[in-house]
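Contents: one structure, followed by commentary.
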Amino acid sequence: MEHMIHHCPIMVLLFMLITFILVNVLVSVSAIDDKYEICSALFRCKDMDISYPFWGGDRSEYCGYPGFKVDCNGGVPQITITDRNYRVLKFDRESKIVSVAIQDYWDSNCPTKLGNSTLNFTIFHYISDTQNISLYYDCPSNGNKLLQYRFNCSSETSTINYFFTRSGIDAAIKDDTANKACGSNVEVAMWQSTIESIDRDPLSGLNQFLRDGFGLQWYANDSLCDTCQQSNGVCGYDSDTREFTCYCPDQPYKYTCKSSKGSFFNKRWKISIGITAAVVGIIIILMTVLLISASARNYTLDKVAVFLRKKTENDRNMEAFVRNFGSLPPKKYNYSDVKRITKSFSNKLGEGGFGDLEPGKDFEFHGVVTEEEKELAKKMVLVSMWCIQTIPSDRPSMTRVVEMLEGGLEYLQVPPKPSLASQTRSPQHISPISSSSSTA
């Protein structure tokens, strides 16, 4: 776990490096033209997909044609033509026809802003299946002759308003009404089929007829767009040159993308090579990391194996030493051995900081100044002799040793002389402290 934590920062750095290299390689070799990518996406409003020549929303202006901006207001696509808003009802890309209705007349027959259906005829034309209906506002009464052509703005107003089609009423009556100075009048385009429905049943409801709208034919370099799309391009407009442009995966062209032998497919080949190289590079880097990690683990395991091998060899050497020389516990000597070693006690048994100890003589301490020091030295010698008794039961415990050192010298007994023969049975226990001291 510590090994993994130690190498974790290195792994993170390697991962970041690999990611950086991959991203840069892919971007450098496989970068698709930005405008091609943006204009390839459709702009969706309500249930309609909006494409060239229309633009708006996420589609930039260079993805469409001037004058074809579509706004999605409250989920309703709208287009502005000569300062009048039209609600888009349908796109027909094959016939290049868009169906629209005047937004101001969508909810009311009497909008605040009255105006004719005017167009920018450089880019739009009425289709052949279109006629106008005339709306007259604030007119004088004309009796019951035009009652079926009357309409109200609201239930609260008493103004008289009329609508006329070109063929639905006698022209003389229509002109007579107009000459009586109505407040205002407008011309609104409608489908020919809608006009026919009004002529058959004028009382069926004017507002619904106005909502049916009418059709417009658009013109926006459509033949060039068809050629561009056939070459897998996306249609657009260059505002700098004010000309049509064809956005292709590698770069924009004037009319059409290059053929399969051109730069586009060369670019795709380069993209494939670049991605392959990036993948191979990542595999090599990952294999290198894995090999380094495996080597580190193997090195650790080798160290452990060497340690265990050395430990095993040391154990075998120790066992051989014990077999050859025996174990090393404190060795016991009997009285005859001590007498032989000290040449019948002619040599000193020991020497310490308080004096020499010789058998058969009283304690002599060189360098002892006071009687108290002398008594302490004697006490320590006696306790030491008790602690080295050959019979284990005669040796005092540590608690008894502390009592002996803390007690008086007069209560300490002289330890017995070592036995000249091996002890065959446990001797009677002898206390190193006199009974008078124990009961004190």
Inset, instruction - Would you check if there is a residue in region 223-245 being of a type outside the set (Val, Ile, Thr) and modelled with pLDDT under 85? - result: no
Legend entry - Matching residues in region 64-92 - criterion: being assigned to a loop (DSSP other than H, G, I, E, B), surrounded by fewer than 17 Cβ atoms within 10 Å (Cβ to Cβ) and either in contact with a helix residue (DSSP H, G or I) (Cβ under 9 Å, 6 or more places away or on another chain) or at pLDDT below 90 (or both): 74, 75, 82, 83
Inset, instruction - Go through the residues of region 219-233 one by one and say whether even a single one is touching a residue at least 12 places away in the same chain (Cβ under 8 Å), buried (at least 17 other Cβ atoms within 10 Å of the Cβ) and part of a strand (DSSP E or B). - result: no
Legend entry - Residue count, region 190-206 (criterion: in a helix (DSSP H, G or I) and either small (Gly, Ala, Ser) or under 22 Å from residue 116 (Cβ atoms) (or both)): 11
Inset, instruction - Test each condition in (1) of a type in the set (A, V, I, L, M, F, W, C); (2) surrounded by 13 or more Cβ atoms within 10 Å (Cβ to Cβ); (3) assigned to a helix (DSSP H, G or I) for residue 216 and report the one that comes out false. - result: (3)
Legend entry - Selection within region 234-248 - part of a loop (DSSP other than H, G, I, E, B) and over 11 Å from residue 39 (Cα atoms): 239, 240, 241, 242
Inset, instruction - Report whether or not residue 126 is among the hydroxyl-bearing types (Ser, Thr, Tyr) and at pLDDT 90 or above. - result: yes
Inset, instruction - Look at residue 101 and say whether it is closer than 19 Å to residue 206 by Cβ, among the hydrophobic types (A, V, I, L, M, F, W, C) and modelled with pLDDT of 90 or more. - result: yes
Inset, instruction - Confirm whether residue 99 is in a strand (DSSP E or B), touching a strand residue (DSSP E or B) at 6+ places or on another chain (Cβ under 8 Å) and either among the polar types (S, T, N, Q) or loosely packed, with under 15 Cβ neighbours inside 10 Å (or both). - result: yes
Inset, instruction - Could you tell me whether any residue of region 143-150 is at pLDDT 75 or above, farther than 30 Å from residue 69 by Cβ and out of contact with any strand residue (DSSP E or B) (no Cβ under 7 Å at 6 or more places or on another chain)? - result: yes
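The values are calculated or read from the model by the stated rules, or taken from the named source; none is laboratory data. Please read these numbers as outputs of a predicted model, since none were measured by experiment. Every residue, glycine as well, gets a Cβ built from its backbone with ideal geometry; the counts of neighbours run over all protein chains shown.
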